[in-house]
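What follows is a set of notes on a single structure, which appears directly below.
The values are calculated or read from the model by the stated rules, or taken from the named source; none is laboratory data. Computed from a predicted model, the values in this text were never measured in an experiment. Note: ideal-geometry Cβ built from the backbone for every residue, glycine included; neighbour counts use all protein chains shown.
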Amino acid sequence: PATTPVPAPSQAAAATAQAAPADDASSTPTAPPAKKSRTNTPWTPAEEHRLKLMRDQGNSWAEIAKTFPTRTEGSVKKHWYKDMHYAEFAEDESQALLNAIKEYENNKWKTIGQKVGKPAKACEQYAKEHF
């Protein structure tokens, strides 16, 4: 006589769990809040200007991020602290930057930034605006 294979207890429990309908309301799937799609688009000078103005006015990161449809709150905050926050130079830092530019040329921003102790992007931006 043919015998029907009997599933192991762990397989039987898993099969029963899969077949059982979910009565629990908390397990009902709900749509997560819409996320902004990821972008690697470079920041434009106009965006950076708007970010600086809004930050100087004391706006929260959430308020600022709402004005940048393709950027998340986290990316706006990161850009501020990583690339822009150090864009203000004291007089001695400005002179050190000018000296480093003369020494390393305009196209060595990473090296210039390391020499001055500021992010490369901040050095480049400051040089474009002031020299």
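Tabulated values for the structure
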{"item": "Enumerated helices (runs of 4 or more DSSP H) restricted to region 47-114, each holding at least 3 residues that are over 21 Å from residue 127 (Cβ atoms), of a type outside the set (Asp, Glu) and at pLDDT 90 or above", "result": "61-66, 73-79"}
{"item": "Some residue of region 51-63 being surrounded by 14 or more Cβ atoms within 10 Å (Cβ to Cβ), within 28 Å of residue 117 (Cα to Cα) and charged (D, E, K, R)", "result": "yes"}
{"item": "Unmet criterion (only one of (1) outside the structural domain of residue 129 (by TED's automatic domain parsing); (2) over 16 Å from residue 120 (Cβ atoms); (3) of a type outside the set (Ser, Thr, Tyr); (4) modelled with pLDDT of 60 or more) for residue 12", "result": "(4)"}
